[in-house]
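The values are calculated or read from the model by the stated rules, or taken from the named source; none is laboratory data. All values derive from a computational prediction rather than experimental measurement. Neighbour counts run over all protein chains shown; Cβ positions are idealised from the backbone, glycine included.
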Amino acid sequence: MSEFLSSALLMIGATFALLAGVGVLRMPDLFTRMQASTKASTLGMGCIISAVAIHFGELGITTRALAIMLFVFLTAPVAAHMIARAAYFVGVPLWEGTIIDELRGQYDRRTHRLARPDDPYAVLPMTVDLNRLAGHVVIVGYGRVGRRIGAALTANAISIVVIDDNREIVEKLRANDVSAVFGNAAELSVLVQAHLHQARMLVIAVPDTVDVRRMVEMARTVNPNIETVVRTHRDSGLTALENDISGKVFLGEHELAVAMTRYVLERYTRAASNTDA
Amino acid sequence: MSLSGLSTVVAIALAMLSVAMLLAFARLARGPSLPDRVIALDLISILAAAIAATYAIAAGQAVFLDVAIVLALISFLGTVAFARFVEWQGFNE
């Protein structure tokens with residue numbers, strides 16, 4: 001029985017070690033190579049050492065085996081973390097298929113310390129209910145348009161997260177128990193804070209279209225399938241914008257004209273039918 | 001399982017560990033950055049420790065386990081030293 005067990009552990013350990021070797025050679029960048037080598041080598045080593053302990057079955061040897069295992073399990077993560085950290089600082093390139101580097105810009109280049117965001121409004125508070133951060137609608141800009149959309153969605157029991165570059169608006173929203181993030185929605189970290197990767201829709205309600213393409217581009221890297229609704233003021237390039245972002249674009253004046261026309265026509269026909277009668 | 005069965009398993013395991021070591025050596029030679037070489041070297045010393053431990057079964061000598069202890073210790077210290085070196089010297093590749 002113990003023979004069988006130690007044989008099995010030996011084979012499992014050797015398999016993991018082999019996988020570590022393959023991973024180190026085949027993975028595309030340093031960090032993916034590390035995750036192959038460290039996990040597999042630690043587990044592989046653990047299995048092989050256990051196999052040795054079971055094979056000999058003596059107290060002294062088992063103690064030594066346990067000591068090695070404990071040592072490897074304690075030191076391997078530390079060593080891996082240190083080398084990954086050092087590699088990140090010196091700018092070892094990430095794989096070109098990397099989507100998000102959440103650490104970018106978070107380290108102080110000089111002191112090599114994590115720079116904590118000084119601004120509590122730039123991150124969502126930990127107390128926000130996680131159920132509200134899935135299938136929600138992210139609204140960028142809480143001005144005259146965004147406010148109305150937000151109020152309507154909230155009235156329909158749809159949870160929203162607001163991104164705004166005005167701190168007072170974010171402060172006020174939080175006081176009213178609305179999840180809000182302070183920052184520029186064209187920045188990846190801000191979109192990640194708003195949990196865009198779990199959101200169902202993105203509504204860009206800011207009037208200026210300068211950053212819109214970049215916002216949508218960034219949003220797509222976080223959440224490739226997100227449905228996007230954009231507000232604009234400019235007539236020119238409307239269809240181009242709609243094609244670029246592959247979402248719905250609303251032209252402010254156009255929508256206003258549509259609504260006013262509808263009202264005028266309705267009033268006119270009613271007035272006409274009144275005079276007819 | 002018979003003893004010859006175990007020795008077969010040990011031989012297979014040693015072969016797999018050797019292949020893993022060759023692959024790690026290929027990464028060591030290829031680089032391209034210094035940290036890549038450091039993790040390849042780290043993996044090589046862990047594999048050497050694993051081979052020593054496996055060989056302890058093959059030879060029936062538990063003394064080889066001490067080799068594994070020393071290798072694991074050196075591997076850790078070496079990687080930490082390299083990490084400090086890389087972090088403060090930058091990388092020249």
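Looking at B:GLN61 and the list (1) more than 7 Å from chain A (Cβ to nearest Cβ); (2) assigned to a helix (DSSP H, G or I), which single condition is not satisfied?
The failed condition is (2).
Inside the stretch A:1-52, can you point out the residues that are part of a helix (DSSP H, G or I) and in contact (Cβ under 8 Å) with a residue 60 or more places away in the chain?
A:LEU30, A:PHE31, A:THR32
Quick check on B:ASP42: is it within 8 Å of chain A (Cβ to nearest Cβ), out of contact with any helix residue (DSSP H, G or I) (no Cβ under 6 Å at 6 or more places or on another chain), closer than 19 Å to A:SER41 by Cα and part of a helix (DSSP H, G or I)?
Against the criterion (within 8 Å of chain A (Cβ to nearest Cβ), out of contact with any helix residue (DSSP H, G or I) (no Cβ under 6 Å at 6 or more places or on another chain), closer than 19 Å to A:SER41 by Cα and part of a helix (DSSP H, G or I)), B:ASP42 does not qualify.
Among (1) assigned to a helix (DSSP H, G or I); (2) within 25 Å of the chain's Cα centre (by Cα); (3) over 23 Å from A:ALA180 (Cβ atoms), where does A:VAL249 come up short?
Condition not satisfied by A:VAL249: (1).
Can you name every residue in the stretch A:219-246 that is over 27 Å from the mean Cα position of the chain (by Cα) and either within 25 Å of A:GLY135 (Cβ to Cβ) or acidic (Asp, Glu) (or both)?
Once the filter is applied, which keeps residues that are over 27 Å from the mean Cα position of the chain (by Cα) and either within 25 Å of A:GLY135 (Cβ to Cβ) or acidic (Asp, Glu) (or both), the stretch A:219-246 yields only A:ASP235.
May I ask you to verify whether B:LEU47 is more than 21 Å from A:LEU5 (Cβ to Cβ), crowded, with 24+ Cβ neighbours inside 10 Å, at pLDDT 90 or above and in contact with a helix residue (DSSP H, G or I) (Cβ under 6 Å, 6 or more places away or on another chain)?
yes
Within the stretch A:1-27, which residues are facing chain B (nearest Cβ under 7 Å) and aliphatic (A, V, I, L, M)?
A:LEU10, A:MET11, A:ALA14, A:ALA17, A:LEU18, A:ALA20, A:VAL22, A:VAL24, A:LEU25
Are any residues in the stretch B:22-39 surrounded by fewer than 24 Cβ atoms within 10 Å (Cβ to Cβ), touching a residue at least 24 places away in the same chain (Cβ under 8 Å) and facing chain A (nearest Cβ under 7 Å), and if so, which ones?
The answer is B:SER33, and nothing else.
Looking only at the stretch A:69-95, count how many residues are outside any helix (DSSP H, G or I) and in contact (Cβ under 8 Å) with a residue 40 or more places away in the chain.
4
Being without any contact (Cβ under 8 Å) to a residue 40 or more places away in the chain and surrounded by fewer than 21 Cβ atoms within 10 Å (Cβ to Cβ) is the filter here; which residues of the stretch A:57-68 pass it?
Hits for the stretch A:57-68 are A:GLU58, A:LEU59, A:GLY60, A:ILE61, A:THR62, A:THR63, A:ARG64, A:LEU66, A:ALA67.
Hey, among the residues in the stretch A:28-74 that are of a type in the set (D, E, K, R) and more than 7 Å from chain B (Cβ to nearest Cβ), which one's farthest from the chain's Cα centre (by Cα)?
Restricting to residues being of a type in the set (D, E, K, R) and more than 7 Å from chain B (Cβ to nearest Cβ), the top hit is A:GLU58.
Which one of A:VAL216, A:VAL190 is within 19 Å of A:LEU133 (Cα to Cα) and either modelled with pLDDT of 85 or more or in the same structural domain as A:ILE149 (by TED's automatic domain parsing) (or both)?
Numbers: A:VAL216 fails: within 19 Å of A:LEU133 (Cα to Cα).
Only one candidate qualifies: A:VAL190.
Conditions tested, residue by residue: (1) of a type in the set (A, V, I, L, M); (2) closer than 30 Å to A:GLU168 by Cβ.
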residue: A:THR42; (1), (2): no, no
residue: A:LEU59; (1), (2): yes, no
residue: A:VAL72; (1), (2): yes, no
residue: A:LEU114; (1), (2): yes, yes
residue: A:VAL123; (1), (2): yes, yes
residue: A:ALA134; (1), (2): yes, yes
residue: A:VAL140; (1), (2): yes, yes
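Is one or more of the residues making up the stretch A:161-181 at pLDDT 85 or above and either aromatic (Phe, Trp, Tyr) or not assigned by TED's automatic domain parsing to the domain that holds A:VAL128 (or both)?
No - not one qualifying residue is present in the stretch A:161-181.
Within the stretch A:182-214, can you find the residues that are over 14 Å from the mean Cα position of the chain (by Cα) and on the phi > 0 side of the Ramachandran plot?
The one that is over 14 Å from the mean Cα position of the chain (by Cα) and on the phi > 0 side of the Ramachandran plot: A:GLY183.
Would a scan of the stretch A:46-59 turn up a residue that is of a type in the set (A, V, I, L, M, F, W, C), closer than 26 Å to B:ARG30 by Cα and at pLDDT 90 or above?
No, the stretch A:46-59 contains no residue that is of a type in the set (A, V, I, L, M, F, W, C), closer than 26 Å to B:ARG30 by Cα and at pLDDT 90 or above.
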